[in-house]
Amino acid sequence: MRLGLGIDTGSTYTDCVAIDFDTKKIIAKAKAPTTHYDLSIGLINSMNKVLTDFSIDPKDVKLLSLSTTLATNAIVESKGGEVALIVIGYTPYEEWKFPAKLVYYTEGGESAIRSEEIPPDFDAITEWVKKVATDVDSFAVSGFMSVISNSYEKMTADIIRKHTNLPVVCGSDLSSKLGLYERSVTAVLNARLIPLTDDLLKEVKVAMGEKGIDAPLMVVRGDGSLISELVARERPIETLQSGPAASSMGGCFLAGKKSAIIVDIGGTTTDIAILESGFPKVTEEGSLVGGWRTRVRSVDTVSEGLGCESNITVTDGTDIHIGPRRVIPLATAAKEYPSILEKIRNTGNLSYLTTYQASRKTVKAETEVLQLLDAINKLNPVAEDELKASLDEFTKMRFEESLAKLEELDAVMRVGFTPLDILHVQKKYVIGDAEASRLGAQMLGDQMGKTPEEFCQEARAVLVKKAGEAVLKKLITEWSKSENLCGTCHLLMNKSMDKDRRYFNCTMEPVFPIVGVGGPAEEFLPALKEILNTEIIIPECYEVGNAVGAVSGRVSWTVEKRIIRKEIQNRYYVYPDGAAILKKDDAIKYAIEHATKEARTQAIRAGAKDPKIVVEKEDFVVMLVTGRKDYGGSNIKVSAVGEALPKV
């Protein structure tokens, strides 16, 4: 038997599945609470549950693959190692900021025709590297025009390796796209993530050894493909958006569809991606994470603040609002703190503050912030008005500011009514205190003159419509290539979903089926069939779709070359190699052959077995001074794609 273990860290649970590679069947699945303060604990707990509860022989496990939020969370929370950045050949704009502890600028650099007239001062670089090596955990190097020719980056990296034992990252190794600033940021962020990723993978490897699992360890990249543990340690930035990518691949595997709209509804968000030919569509511009624009290819998703733990409120006695704030459901809070039931009955308040499920990390903040946290711990859970009444005048003066700080640090969570509470009221899914959920539905329903059951039914309809809007918006954005939809678009979307037949008919029907994954998918997404007029597929094991995607993906590696014709020199230059070739056909042949060799080598290093090669060539023209159009060059893209396991 050849088994694969897939593990995914979600906002609420960490899922693990075991897949039989020969039969393509899921033979085991388990969940464990996600431990945000140390992701390895939740990962190992879920893995242990699958191995123990289903009596799986560790020797049968031939592959273990992770989908992890580590990289994304670390960037958002400004975690990671200290980095020294060396920039070659340019002076950054004043507004350019880098996520590095130290930055060194040096003159020199290379141009588009590989002139090396101003080499960097390598002696000065060497002295600076020696001076700061003990103050940082890693180095990043980024050079002007390094996507055209990266020899100065490589020479600088060699100096760092010679005089230190620290990791070094070159911007040109991570991206072949133009974008000097974004490439530099990507290099620094990658360097920062190296120690964190190394620690996580070490913990998992130790756990695998203790369980007797002797198998490759792989990680999901942001584009849905897999990379080996070795590559993940070197290029952890590649794992940005690992979760949405895994949900896309999992939906593809479970539904048996190569083209589909994947809708992943989780605790905090609903993520929507388009799958074509077995891979999710990716954004070439790179992910925007924690305010930093990177040059990392990642799955092109839209995330709506709409999940099973999104806060539901009523305004003006008529309008139901869902999200985007994530809160602890009333049912969950009441199971942990039964006293909240009496508070709800006595006050009619549904919103409380608690430290339950909050971060366990030590809070470093001003005195009044710490005093407020202490007060919340004593009264846990507590409504805001009750909390204020317990404070001294000094702490009251900065209450809102201090509370916002605690929420920013994840030291405090809010409690409220959520879609999970709806499921408790309707007896669809009961894991907490259903009485607390019913009290919440009753009080919100009273504001609208509805019974708890009527309120829950109407709130479900609002959630489904918001999910439908998100799907249509994603499709329209993909078709129009515009992020901003006009008012008319929104009106037509609503007309279609509401079945409004006044004056004219308008129907928007997705051409691909919708595949739902994530815990709440079965309860909420089938209703999309009526408003979107399309097939809805909720596959078996939908609730662990991300973990399935973590182990069912393929290994893929892409290398790009650019040919530029230099008419004056009568040469065709191939970048980033810098090769100058007399004939166009020879230049194209050279670019494809070298890109193929590099792609195959890197794919095998990333874990691919017997990768297949796919070549794409796009020519571009230039306008001559005579007004005539002529061949300007070609963009060559070669991808090597292979399975993570050899076929038997």
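Note on LYS130/ASP38: beta-carbon distance plugged into 1/(1 + (r/R0)^6) with R0 of 41 Å gives a FRET efficiency of 0.70.
Under 5 Å between amide hydrogens, built in the peptide plane, is the criterion, and for ILE537 it picks out ILE514, VAL515, GLY516 among residues at least 5 positions away or on other chains. The charge dipole of the chain, taken about the Cα centre with unit charges on the Cβ atoms of Lys, Arg (+1) and Asp, Glu (-1), comes to about 1780 debye, rounded to the nearest 20. Using only the alpha-carbon atoms of region 326-417 as identical scatterers, what base-10 log of I(q)/I(0) does the Debye formula give at q = 0.19 Å⁻¹? Each listed q corresponds, in turn, to -0.85.
A Cβ-based charge dipole, computed about the Cα centre of region 142-294 with Lys and Arg at +1 and Asp and Glu at -1, lands at about 180 debye. Using alpha carbons only, how many degrees (0 to 90, rounded to 10) separate the axis of helix 399-408 from the longest principal axis of the chain? Relative to the chain, helix 399-408 is tipped by roughly 50 degrees.
Averaged over residues, the count of other Cβ atoms within 10 Å places the peptides 415-424, 530-539 in the sequence 415-424, 530-539, highest first. The share of Cα pairs per 10 Å bin across region 568-648, counted from zero up to the longest distance, runs 17, 38, 26, 13, 5, 1, 0 percent. For region 410-473, the Stokes-Einstein estimate of translational diffusion at 4 °C and a viscosity of 1.567 mPa s comes to 102 µm²/s, using the Kirkwood hydrodynamic radius over alpha-carbon pairs. Normalised by 2.2 N^0.38 Å, with N the number of residues, the alpha-carbon radius of gyration of the chain equals 1.05. Taking region 383-530 as the region of interest, what is the percent of Cα-Cα pairs per 10 angstrom bin, listed from the shortest bin to the one with the maximum distance? Bins of 10 Å from zero give 9, 25, 25, 26, 12, 3, 0 percent of pairs. TRP292 contributes about 50 Å² of solvent-accessible surface, heavy atoms of the protein only, 1.4 Å probe.
A helix-only calculation puts the chain at -12000 deg cm²/dmol for mean residue ellipticity at 222 nm, using -39500 (n - 2.57) for each DSSP H run of at least four residues, averaged over all residues.
Shown here is the pair-distance distribution of region 499-583: with all Cα-Cα distances grouped in 5 Å bins from zero up to the longest one, the shares run 3, 11, 12, 10, 9, 7, 6, 6, 7, 9, 9, 7, 4, 0 percent.
Each of PRO99, LEU5, SER55 was scored by the projection of its Cα onto the charge dipole of region 5-113, and the greatest displacement toward the positive side belongs to SER55; charges sit on the C-beta of Lys, Arg, Asp and Glu. Take every pair of alpha-carbon atoms less than 8 Å apart whose residues are at least six positions apart; their mean separation over the length of region 26-182 yields a relative contact order of 18 percent. The relative contact order of the chain comes to 13 percent, based on Cα pairs under 8 Å that sit 6 or more residues apart.
Ordering 45-56, 575-586 by mean Cβ neighbour count within 10 Å, with the highest value first, yields 45-56, 575-586. Magnitude of the charge dipole for region 42-183, about its Cα centre and with charges confined to Cβ atoms of Lys, Arg (+1) and Asp, Glu (-1), is about 480 debye. Candidate cross-link partners of LYS31 among the aspartates and glutamates, defined by an alpha-carbon separation under 15 Å and a same-chain spacing of 8 or more, comprise ASP8, ASP15, ASP53, GLU543. In this simple spin-label approximation, ASN484 and SER151 carry label points 7 Å from Cα along the Cα→Cβ vector, and these lie 4.6 nm apart.
Shape of region 228-271 from its Cα gyration tensor (a ≥ b ≥ c, root eigenvalues): rounded if a/c is under 1.5, otherwise prolate when a/b > b/c, or oblate? Since a/c reaches 1.5 but b/c is at least a/b, the shape of region 228-271 is classed as oblate.
For the residue pairs LYS24/LYS281; LYS62/LYS162; LYS474/LYS597, the alpha carbons lie more than 28 Å apart in LYS62/LYS162; LYS474/LYS597.
Region 212-294: D in µm²/s via Stokes-Einstein (Kirkwood Rh, Cα pairs, 10 °C, 1.306 mPa s)? Using the Kirkwood radius from Cα pairs, D works out to 115 µm²/s. Highest mean packing first, where packing is the average number of other Cβ atoms within 10 Å per residue, the peptides 600-612, 321-333 line up as 321-333, 600-612. Modelled spin-label separation between THR355 and GLU540, with each label point placed 7 Å from Cα along the Cα-to-Cβ direction: 4.6 nm.
Candidates VAL615, TYR429, ALA404 compared by Cα position along the dipole of the chain: farthest toward the positive end lies VAL615, with charges placed on Cβ. For region 179-320, averaging the sequence separation of C-alpha pairs within contact (under 8 Å, six or more residues apart) and dividing by the residue count gives a relative contact order of 22 percent.
Straight-line cross-link partners of LYS450 among the lysines, defined as a Cα under 23 Å from its Cα and at least 8 positions apart when in the same chain: LYS343, LYS427, LYS428, LYS465, LYS466.
Which angle from 0 to 90°, rounded to the nearest 10, does the C-alpha axis of helix 242-255 make with the longest principal axis of the chain? Here the helix axis deviates by roughly 80 degrees.
The values are calculated or read from the model by the stated rules, or taken from the named source; none is laboratory data. Since we're looking at a predicted model, the values are computed, not measured. Glycine also receives a Cβ, built like all others from the backbone with ideal geometry; neighbour counts cover every protein chain displayed. These accessible areas exclude ligands, DNA and RNA; they are computed on the full protein's heavy atoms, side chains included. Shrake-Rupley method; radii C 1.70, N 1.55, O 1.52, S 1.80 Å.
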